[in-house]
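The values are calculated or read from the model by the stated rules, or taken from the named source; none is laboratory data. Because the structure is predicted, anything quoted here is derived from the model rather than measured. Reconstructed Cβ throughout: ideal geometry from the backbone, glycine too, with neighbour counts over all protein chains shown. The accessibility values were calculated without ligands, DNA or RNA, using every heavy atom of the protein model including side chains. Shrake-Rupley method; radii C 1.70, N 1.55, O 1.52, S 1.80 Å.
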Amino acid sequence: MDFLTLFAVYVTVVLTCIVLVCKYSGQQQTPFSILFNFVGKVFAPITPRWLQKFSQRTLHRLFHQRNNMFIYLHILIEAAVLAEFTYEVFGFCRDMDTSLISLSVPYILLVIKSLCFYLCIRRDPGTVTKKKIAGQLHIYPYDRRLFHPGVSCETCELVKPARSKHCRVCDRCVQRFDHHCVWVNNCIGAQNTRYFLLYLFSVCAAAGDVAVLTGDMLLHAVLRSGLLRSSYIDEEGQQQSAGPLFVVQHLFLTFPRIVFMLGFLVFVFFLLAGYALFHSYLALVNQTSNEWYKSRGYVCQHCHPTATADHLCSPAPDHSKRNYYSRGILRNLGEIFFPPRPVHKKDN
């Protein structure tokens, strides 16, 4: 199996994983969980007990408890990409007379991204507390479809405001809960969704800009070398003109780290761009990821399917309005970037 075939298999596997993640995101039963459970059952009899316990504790620590592992991993990957770009691509681009303004854009985006990243980590997402609960209950009305009045959190033992949810990782209820992001080790809620959106777009912009500069450098390297007009002798001794596949393989052998970085950036860009567009859509219609997932397979937990009409939630939920909390695009965006604060009633 030659180099290009291996690379094609690699690209196919990565793209397949991305599609599966997007398709089954938020669902309990996914191909990943089924495969993981199957592999666990197959290897459980031959795996030492101590190794099983260690793996379970490690996975629990990584995905079910707050930790900074993914923050460090994020910084490490970012540092590796930026170092490679600065060490190799930057010099090539300067030789091609690329302006310093164009080459400074990735570093400016890095500063913006780092600021939003820090705010996502440090900003309180809107924790529901005893002190704030009275005001938080009046921020959003209950839609009586996904959120019902009088329902208390079993863990916090507080009445749950509309659009809130208890995060098992952080062990707290969060106002306008969207999701828990392991990359920032924090919940995304009412008070930091704006920073999360800016973080996503700045990461996409930085990855896209570095990818464009790197691709332009490789293109100029090919054009200057005259590789497109060259030829080679194949395995059968026949002279063949250099085609696109030959050029790609030549670039891999000549600039392996740069080409690998470019491929990684392209995958990251498309994956995060799709994720950013999804969250942009949610912002435009004033919906959270939590609400979107629930609405896909909505079943009212307070209405038994065999109950009579007298035992149904009253008044009946309005299923005709898909986005109950939408108030128009401008107001929806205003709510994201200028989130409403808890209402404090003045004493007479």
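Considering every residue within the stretch 124-131, establish whether at least one is within 30 Å of LEU82 (Cβ to Cβ) and not aromatic (Phe, Trp, Tyr).
Checking the stretch 124-131: at least one residue is within 30 Å of LEU82 (Cβ to Cβ) and not aromatic (Phe, Trp, Tyr).
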Would you be able to say whether some residue in the stretch 124-132 is touching a Ser or Thr at 6+ places or on another chain (Cβ under 7 Å) and within 26 Å of VAL203 (Cα to Cα)?
no
Restricting to the stretch 86-133, count the residues that are touching a strand residue (DSSP E or B) at 6+ places or on another chain (Cβ under 8 Å) and more than 20 Å from ILE75 (Cα to Cα).
5
Kindly indicate whether ALA190 is assigned to a helix (DSSP H, G or I), aliphatic (A, V, I, L, M), open to solvent by less than 30 Å² (accessible area, probe 1.4 Å) and at pLDDT 90 or above.
no
Report, ordered by the first and then the second residue, all pairs with beta carbons closer than 8 Å, sequence separation of six or more or different chains, a first member in the stretch 84-97 that is more than 19 Å from LEU223 (Cβ to Cβ), and a second member that is open to solvent by less than 80 Å² (accessible area, probe 1.4 Å) and assigned to a helix (DSSP H, G or I).
GLU84/ILE258; GLU84/MET261; PHE85/PRO106; PHE85/VAL210; PHE85/LEU213; PHE85/THR214; PHE85/MET261; PHE90/LEU103
So which of TYR324, TYR281, TYR275 is open to solvent by 40 Å² or more (accessible area, probe 1.4 Å), modelled with pLDDT of 75 or more and either touching a Lys or Arg at 6+ places or on another chain (Cβ under 9 Å) or assigned to a loop (DSSP other than H, G, I, E, B) (or both)?
TYR324
Please note which helices (runs of 4 or more DSSP H) are completely contained in the stretch 77-179 and include at least 3 residues that are open to solvent by less than 30 Å² (accessible area, probe 1.4 Å) and out of contact with any Lys or Arg (no Cβ under 7 Å at 6 or more places or on another chain).
100-122, 133-136
